[in-house]
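Quick notes on the structure that follows.
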Amino acid sequence: MSNEITMPKLSDTMEEGKILRWLKHPGDEIHHGDAIAEVETDKADMVLEAFEDGVLDELKLKEGESAPVGAVIAMMRAPGEASARRAKPAEAPVATAIPVEAAAAKPARPRIAEKAPAPEAKPASEPEKAPAVARKATVNAPPEMEEEEAGPPAFHPAMGLHPSAAPTALAAPPRQPLRIVETPEVEPEGHKLRASPLARRAAEEAGVDLEHVRGTGPDGRITKRDVDNYLREQQMFKFRRLVHPHEGAPGSREELSSMRRTIAQRMALSKREIPHFYVTVEIDMEEAVRFKKSIETTELFEEDITYNDMIVKATALALGRFPRMNASFENDGIVIHPHINIGVAVAIEDGLLLPVIRECERLALPEIAAVSHRLVAKAGHGGGGFTTGELSGATFTISNMGMVGVEHFAAVIVPPQAAILAVSAIKEKPVVRNGQLAVGRTMMVTVSCDHRIIDGIVAGRFLQELKRFLENPASLLV
Amino acid sequence: MANSRYDLAIIGSGPGGYVAAIRASQLKMRVAVVERDRPGGVCLNWGCIPSKALLNSAEAMETIRSAAKEHGIETGEVRVDFPRVIQRSRDAADKLQRGVRYLFKKNKIDLYEANGTVAGPNTVALAQAEGKPAPAASEIEADRILVATGSTERLLPGMKIGDGVMTSREALVHDRLPESIAIIGAGAIGLEFGYFYQAFGSKVTIIELEKQMLPGVDAEVAEEARRQFVKRGVKVMLGHGYKSMARNGERWSVALDSADGEKAVDAENVLVAVGRAPLSKNLGLEALGVEIERGGFVKVDDSFRTSCESVYAIGDLIRPPLLAHKASAEGIAAVEIMAGVREPGFDLLSIAGCIYCEPEVACVGLSEAEARARGIEVKVGKFPFRGNGKAVAINEAEGFVKFVVSEQYGEVLGCQIIGHHATDLISEVVLGRTLEATTAEFGRTVHPHPTMSEAIMEAALAAEGEAIHI
C-alpha cells in the first residue's frame, strides 16, 4: 500500500511551497522524524520531516519546483512492499491529501498524510468520493514524471541509423537539454543500460555515470571508446607525474610537459570557444571568520574547517538554487548536471590538478572538509595515488588564491563547465556598519560564466546567494 | 540488362566484391558486378580455398604416416597420386565458384563477365575479357561504383615466372610433385606451401630476408613456428636476401645474400611468395583523380570513399592486411555506410590473421611488442597446449595461446595462437574483442572439457595470474 506525501502547510499564510532540496531519494528508507526535503515557504526555509516509517518510492516534484499546499509531492510505501510506481507506471495517483485545516492545526509540524486505500482497490468509477482537496491537488500538481518520460524523445544517435533499435534507444535518451536531470535512482521504465564489460569497467574506474555517455555501438551500445571520448570531453587535466622540475632559466626554451600541454590546449580552447563574462562581489567575511574560530575552539567537528571548505559548501548550496550554473553546453543544448561535483584547483609543480569533491549537494560541511583535505594531501604528494574519478567529472570549479594574498582576479572556465569561481584573499578593509566606519574583513569573489548558458542576471543572483550564505555562516551547517 | 542504371556497380567479384554485392542487394540496392575472370576472385579460385584443399591432403598424408607409428595402425606402402591431389583442389574451387553464381542469381545481381574500368564518376566501361564473349553492353551507369579488384602476386625485380619458377597461382595447378623446392618468403603463403610440399616428401628450403619467420607476427609465435618447421625437416634460412636465380641444368640455382656472405640454394622448383600487390593500375582511377598511395593502395576515408565522391574501394586494394575476410567485412561495412545503416569507421585490429599450415597460426589485435611500443602497460598470459587435456589426448600438444591485455582493465589488446586448429579457436577471441569482453569474461566463461578452447580461458586467466592448469 503506497502513501502519498503532500505539500504541508508550514505557516498560516502559506499557499504553496517550493522544494529546495530532496534529502531523501527514491529507494531510501525513511524513519519517523527523518528530514525528507527542504521546503521554501513565503516565510522561511523549512525541513519536511517524516511522520511514519517507510521507503521513499517516487518524487513528484523536482528540486526548485513549487506545488500548492496539499498537492502530492512524493510517494512512499511500506517497508518491504514492492514499488507501486514500477508495477503501474502509467497510473495517475489518487490524491487524498490531509485536509488543510488538519495541517493548519499543527503549523510547525510538517507531516505525511495517510493515504486512502490502494489504487487497485478503488473502482475507477468513484473518483468523486475522493476529498475535494485531493482533486484540487491532482489538478494543480505539476506534470507527473511518467508524463515527462513519455514526452518527445531527446535526440538519440541510433535513431537515424537503426530503425529496429528505436524502442530501447528512445526509452533511454542520453541527453535532456534544458531539463534538470532527475536523481539517477529514478530510472525510466524499461530502461536497460547497454554497455560492454570493458566500458563498464573503464567507467567505474573513472567514476563516470554511464547514463551520460552516448553509445555508438550497435543499437547505441556503449563501448570503451565512448567512455574515453566522454572523459576527454569532461576531463581537464589528466594527471601525469612530472619527471623533473621545470624551472625556467632565463633565455632557455623548455619542452612542454604533458600537463603543460594539456593546460595550454584546454585553456586556449576555453577562451576560443566560450564567451566569458565576469561578475564580482565583495563578501563581508566577519561572521565567517568568527564562525571558523568558534568551530576551532569548540572542536565541534573532528576535522578542522578551512575557509575553502566553507566556500565549497556555500557554493554547493548556491549552485543547488541556480542549477544553470552547474551545467554544460553540449551539442547545441544545455545539460544541467544531476550532481554538484566541485573541482578545486590545486597548484602543483609546473601545473595544476583539479581534484573533485563529488556530490557536494549531499555532503555536510565536515564531510566536505574531510574529502577536500584528503584530496589536497594527495595533490601535495605530487599527485600520485589519485584515481581517475578523483580527477574527473567536475561540474563547477573553484580557484582559490586567497593564500597568496591576491586582491582580485578572474579565472578561465574549464570546458565544458558553465562557470568558475575565483576566490581572492580575505583582507582588512574599512567598512560601513550601521552608518559607522569600521575595520572589516572582506573577500572578493569573481565568477566567470559561459554566456551561452548563463546570463548576467543569473550570475549576479548566484553571487548574491553565495554572499548570503557566507555572511550567515550558520546556514553552512545544513 | 543493357543500358540500365544501377544503384551500385562493383568491379571485382572476390570475397570483397561478391559479399558487398549480396549485402547491397539485401539493402534494396540494384547491383551490377563486373568480373573479368571467374566469380569468387583469387580467394575461391587461386587462393584460400584451393590451397586449403591441398593442405587438407597434406594433413591426411601426415595422419596416415603417423598412424603407423603412433596408433599402431599398419598401412603398408603409402603412394601418392599427385595429379589427383591437385585435381581435388581444383574441384573444390569449381564447386564454390558455381555457388557464387547461384548467390548472384538468388539476390538478383547482374553479373557482367568483362574487363571493367572506371570511365567516369558514374560509369563503368566494359571490354571483352580474355576467353569470354563480348559483353552485353559497352558500359553501365551507377550512382556509386565500388572498386574491389584485389591484389596479385608480387615479384622482386628481375624475377620471371615460368619454366619451373612459380607463384602460388602456378603452384596450385602444378601437378608434378617436385623432388626439391626453394620457397622465397616465409610469410603465410610460403609457410603453407612449405608445409604442403614437405608433407608429400619434397625437400623444402624456406628463404626469408627478415631475421624471423612470419615477419610482423609475435616473435615467440614465429620462433615456435620455426622450431616446428625445422623439426619436420624443412630447411629454414632466415636473414637471407634474394639476389638472383639461374637455370642450372634440370634445376634452378637461387643466389642469396646474408651476413655470412653469398650462398646458393639449388632446387627443382622455385616458389616466389614475397607478398601481394594491389591491382590499382589500368582501372581508370588516376584519370578520375583518385588518390593512390605508396605501394599502390587506393586512398579511402572512414566511409571507404576514394577522392572521387561516387567511387568507393575496399579490400586488398586499399590497405593491408590482405585477407579475404577483411575484404568481405569491409565490403559489408562500405555498403552499409552507403545505405546509412552504419556509422563510418572500421576496426582493423579485430581482423584475425590466419595461417593454415601445421601448426596453425592465428593472431588478432596487437602483439606484446606492438602494445608496448604504443606505450600501453600490458600483462601477458600464456598457456601451452601441453597443459590442455584434449591437446595431449590427440597428440597435438605443441604450441600455445598468448593473451596480451591491458594492465588497467584487462582489456584484450591482442591474442596469438599457434597450434592445432588455432584458426578456429581465434574466433572466440575476436568475438570477445567485438563485445569488449575483458579477461574476467573469458575467465568466467565455462569452456567445455575436453576441448582445445579451454586453453583460451586458461591463457586469459594466466594474464591475471589465475590459470588453473599451469
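Computed over neighbours whose Cβ is under 15 Å from that of B:Val80, the net charge equals -1, Lys and Arg +1, Asp and Glu -1. The phi torsions of region A:269-275, fed into the Karplus equation with coefficients 6.51, -1.76 and 1.60 and a -60° offset, translate into couplings of 4, 4, 6, 6, 9, 9, x Hz, rounded to whole numbers, with Gly and Pro shown as x.
Too long at a 30 Å Cα-Cα cut-off: which of B:Lys95/B:Lys211; B:Lys52/B:Lys390; A:Lys293/A:Lys467; A:Lys60/A:Lys313; A:Lys24/A:Lys293; B:Lys105/B:Lys326? Don't skip to the answer; put the middle values down first.
On the way: B:Lys95/B:Lys211 40 Å; B:Lys52/B:Lys390 24 Å; A:Lys293/A:Lys467 19 Å; A:Lys60/A:Lys313 27 Å; A:Lys24/A:Lys293 32 Å; B:Lys105/B:Lys326 24 Å.
Violating the 30 Å Cα-Cα cut-off are B:Lys95/B:Lys211; A:Lys24/A:Lys293.
Can you figure out the FRET efficiency of B:Ile470 with A:Glu15, using R₀ = 45 Å and their beta-carbon distance, to the nearest 0.05? FRET efficiency, B:Ile470 to A:Glu15: 0.05. A straight chain from B:Lys69 to B:Glu309 at 0.36 nm per residue would run longer than the Cα-Cα distance by 80.1 nm. Remark: region A:323-478 projects, on average over all directions, an area of 10.7 nm² (convex hull of Cα atoms). The aspartates and glutamates whose alpha-carbon is closer than 15 Å to the alpha-carbon of A:Lys429, local same-chain residues fewer than 8 away aside, are A:Glu282, A:Asp284, A:Glu286, A:Glu287, A:Glu407. Taken residue by residue and averaged, Cβ atoms of other chains lying within 10 Å of the Cβ of A:436-447 number 0. How many partner chain Cβ atoms sit within 10 Å of a residue's Cβ in peptide B:406-414, on average, as a whole number? Across the residues of B:406-414, the mean count of other-chain Cβ atoms within 10 Å is 3.
Among the trypsin sites (Lys or Arg not before Pro) in region B:178-262, those located in a DSSP loop and surrounded by at most 12 other Cβ atoms within 10 Å of their own Cβ are B:Lys211. For region B:264-334, GluC sites (Glu not before Pro) are listed when DSSP marks them as loop and at most 13 other Cβ atoms sit within 10 Å of their Cβ; the list is B:Glu291, B:Glu293, B:Glu309.
Cross-link reach is defined here as a Cα-Cα straight distance under 12 Å, omitting same-chain residues fewer than 8 places apart; for B:Lys235 the aspartates and glutamates meeting it are B:Glu208. Between the residues B:Gln198, B:Ile184, B:Gly241, the greatest Cα displacement towards the positive end of the dipole of region B:165-274, with unit charges on the Cβ of Lys, Arg, Asp and Glu, is found for B:Gln198. Computed from the C-beta positions of B:Asn282 and B:Ser138 and an R0 of 22 Å, the FRET efficiency is 0.80 to the nearest 0.05. Once the convex hull of all Cα atoms in region B:165-274 is built, its volume per residue stands at 92 Å³. Mean silhouette area of region A:396-478, derived from the convex hull of its C-alpha atoms and averaged over all directions, reads 6.9 nm². Over the C-alpha atoms of region A:244-327, the Rg to Rh ratio, Rh being the Kirkwood estimate, stands at 1.15.
By definition, a body whose alpha carbon gyration tensor gives a ≥ b ≥ c is oblate when a/c is 1.5 or more and a/b is not larger than b/c, and chain B fits this oblate description.
Treating r as the C-beta distance of B:Val78 and B:Ser427 and R0 as 41 Å, the FRET efficiency rounds to 0.75.
Summing charges over all other residues whose Cβ lies under 14 Å from the Cβ of B:Phe229, with Lys and Arg as +1 and Asp and Glu as -1, gives -2. Assuming a ≥ b ≥ c are the square roots of the Cα gyration tensor eigenvalues, decide whether region B:349-388 counts as rounded (a/c under 1.5), prolate (otherwise, with a/b larger than b/c) or oblate. It comes out oblate by the Cα gyration axes.
Here the extension length gained between A:Glu204 and A:Asn229 equals 7.5 nm, from 0.36 nm per residue of separation less the Cα-Cα distance. Simple spin-label estimate for A:Arg260 and B:Ile394 gives 6.0 nm between the two label positions (7 Å along the Cα-to-Cβ direction from each Cα).
For region A:373-462, GluC sites (Glu not before Pro) are listed when DSSP marks them as loop and at most 12 other Cβ atoms sit within 10 Å of their Cβ; the list is A:Glu407.
A cut-off of 5 Å between modelled amide H atoms, ignoring neighbours fewer than 5 places along the same chain, links A:Glu58 with A:Met75. A Cβ-based charge dipole, computed about the Cα centre of chain B with Lys and Arg at +1 and Asp and Glu at -1, lands at about 1080 debye. Amide H to amide H, with H built 1.01 Å from N, B:Lys203 comes under 5 Å of B:Ser180, B:Ile181, counting only residues 5 or more places away or on other chains. Can you tell me how region B:428-470 classifies by the Cα gyration tensor, rounded, prolate or oblate, using a/c under 1.5 as the rounded cut? Oblate.
Protection proxy ranking for B:215-223, B:8-16, B:313-321, B:76-84, using the average of other Cβ atoms within 10 Å per residue and placing the highest first: B:8-16, B:313-321, B:215-223, B:76-84.
Helices of chain B meeting both criteria, an alpha-carbon length of 30 angstrom or more along the long axis and an average Kyte-Doolittle score not below 0.0, with helices taken as full DSSP H segments, do not occur.
Note on region B:57-115: semi-axes of the ellipsoid equivalent to its C-alpha gyration tensor, largest first and rounded to whole Å, are 41, 13, 7.
In this structure the amide hydrogen of B:Val378, modeled in the peptide plane, comes within under 5 Å of the amide hydrogens of B:Glu407, none closer than 5 places in sequence on its chain.
Bear in mind that the values in this text are calculations on the coordinates, not laboratory data. Every value quoted in this text rests on a predicted model; they were computed, and no experiment measured them. Backbone-built Cβ (ideal geometry, glycine too); neighbour counts: all protein chains shown.
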